[in-house]
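Reviewing the structure listed below.
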Amino acid sequence: MIFHDSPGLGKGLAAPSATSATGPQPWMRLLCATIAVFAIALTPPLQGLQLLVMGGGLLLIGWRSSVSLGQLLRRMTLEASFALLLVLGTLFREQGDLLWQWGWLEIYQGGLLGFFSLAMKVGLSLMTLNVLTLTTRQIELLQALKQLKMPPLLVAIVGSMLRYLTVLLDEAQTLQRAAQSRNLLVSRPVHRHIVGVMIGALFIRTYDRGDRIHQAMLSRGYAGLAPEGTPLRWTKPDICLLTYTISVILLSIGAEIMF
């Protein structure tokens, strides 16, 4: 397989599975995903065929990695909805012929093509990152960042954020259950006021709990930085994945030039 079949982020910071030796190492998967995202982002505007070829290459990786299409689409739906709101402004760019008008809203040919091009880039980038997270555990991604010589402080911050994100969610759910048990969320005006109070209380409780956790970590010898990662070691699956990634990018460029 191109990627080994391992649980994604939903499994938390569990230890890597024994099957990790059968596929590319996490640092190579992270490196290839980064190369793919940069290639997608640097694709010239209106190069639809080039993006389609790279999308086909990503789907092949997902299929070989035993990532189901339904699971991938479920993860991408919410992310894509927020991302598309950010690029919606390009739809109304005044460029080319006027295609549609309703009051002050006008859609031009250039704006429509630019919107679809940018939307494809966003979708392919999200697909790349979701395939990576579905096939690589959090602890493997953190180890890969250390192996790729990322700043240790940055790795430590990301690791702490991922590790204690569930703690923050638990605190928020506790406050919500407390408000519901006291019938404080029955009316809309009161609901807005209670939500504001809950956000303030959540910030205070999170800060206090984070300080206690930090003191406990220091008492156990925590130095403030993540330990050094193991040296990079190339394997045959790593070379195959890197070759495949570069080949798909070059093929997409060649297809756009030829057709």
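The values are calculated or read from the model by the stated rules, or taken from the named source; none is laboratory data. Computed from a prediction, not measured in an experiment: that's the story for all the values here. Here the Cβ is made from the backbone with ideal geometry for all residues, glycine too, and neighbour counts use every protein chain on show.
Just one of LEU78, LEU72 is within 21 Å of THR245 (Cα to Cα) and either outside any helix (DSSP H, G or I) or not aromatic (Phe, Trp, Tyr) (or both); which is it?
Numbers: LEU78 fails: within 21 Å of THR245 (Cα to Cα).
When all the criteria are applied, what remains is LEU72.
Could you check the range 122-180 and list, in sequence order, the residues that are polar (S, T, N, Q) and over 19 Å from THR230 (Cβ atoms)?
Selection gives SER125, THR128, ASN130, THR133, THR135, SER160, THR166, GLN173, THR174, GLN176, GLN180.
I'm checking my understanding of the structure. Among residues of the range 30-54 that are assigned to a helix (DSSP H, G or I) and of a type in the set (S, T, N, Q), which one is nearest to ILE246 (Cα to Cα)? Even if it seems obvious, please write down each step before you answer.
Looking only at the range 30-54, we keep the residues that are assigned to a helix (DSSP H, G or I), and these are 30-41, 48-54.
Applying the additional criterion that residues be of a type in the set (S, T, N, Q) yields 34, 50.
Working: THR34: 12, GLN50: 13 Å.
Step by step, filter the range 30-54, then rank; the result is THR34.
Just the residues that are at pLDDT below 85, small (Gly, Ala, Ser) and over 24 Å from the mean Cα position of the chain (by Cα), please, taken from the range 202-252.
Listed by number, the residues that qualify are GLY210, GLY221, ALA223, GLY224.
Identify the residue in the range 233-258 that is assigned to a helix (DSSP H, G or I) and β-branched (Val, Ile, Thr) and, among all such residues, is farthest from LYS149 (Cα to Cα). Give the derivation first.
Going through the range 233-258, the residues assigned to a helix (DSSP H, G or I) turn out to be 236-258.
Filter again for β-branched (Val, Ile, Thr), leaving 239, 243, 245-246, 248-249, 253, 257.
Working: ILE239: 20, THR243: 22, THR245: 22, ILE246: 22, VAL248: 26, ILE249: 25, ILE253: 30, ILE257: 36 Å.
Restricting to residues being assigned to a helix (DSSP H, G or I) and β-branched (Val, Ile, Thr), the top hit is ILE257.
Which of the residues that make up the range 169-216 are of a type in the set (Gly, Ala, Ser) and either assigned to a helix (DSSP H, G or I) or in the same structural domain as ILE139 (by TED's automatic domain parsing) (or both)? Break it down into steps so the answer makes sense when it comes.
Initially, the range 169-216 is screened for residues of a type in the set (Gly, Ala, Ser), giving 172, 178-179, 181, 187, 196, 200-201, 210, 216.
Answer for the range 169-216, where residues must be of a type in the set (Gly, Ala, Ser) and either assigned to a helix (DSSP H, G or I) or in the same structural domain as ILE139 (by TED's automatic domain parsing) (or both): ALA172, ALA178, ALA179, SER181, GLY196, GLY200, ALA201, GLY210, ALA216.
Can you tell me which residue among ILE61, ILE107 is modelled with pLDDT of 80 or more, aliphatic (A, V, I, L, M) and in contact with a strand residue (DSSP E or B) (Cβ under 8 Å, 6 or more places away or on another chain)?
Testing whether each residue is modelled with pLDDT of 80 or more, aliphatic (A, V, I, L, M) and in contact with a strand residue (DSSP E or B) (Cβ under 8 Å, 6 or more places away or on another chain) leaves just ILE107.
Taking the conditions exactly as written (free of Cβ contacts under 8 Å to residues at least 24 places away in the same chain, of a type outside the set (A, V, I, L, M, F, W, C), at negative phi and touching a Gly at 6+ places or on another chain (Cβ under 9 Å)), does SER247 satisfy them or not?
yes
Is it the case that THR166 is of a type in the set (Ser, Thr, Tyr), under 28 Å from the mean Cα position of the chain (by Cα), part of a helix (DSSP H, G or I) and at pLDDT 80 or above?
The answer is no for THR166.
For the range 238-259: of the residues being polar (S, T, N, Q) and over 17 Å from PRO45 (Cβ atoms), which is surrounded by the most Cβ atoms within 10 Å (Cβ to Cβ)?
The residue in question is THR245.
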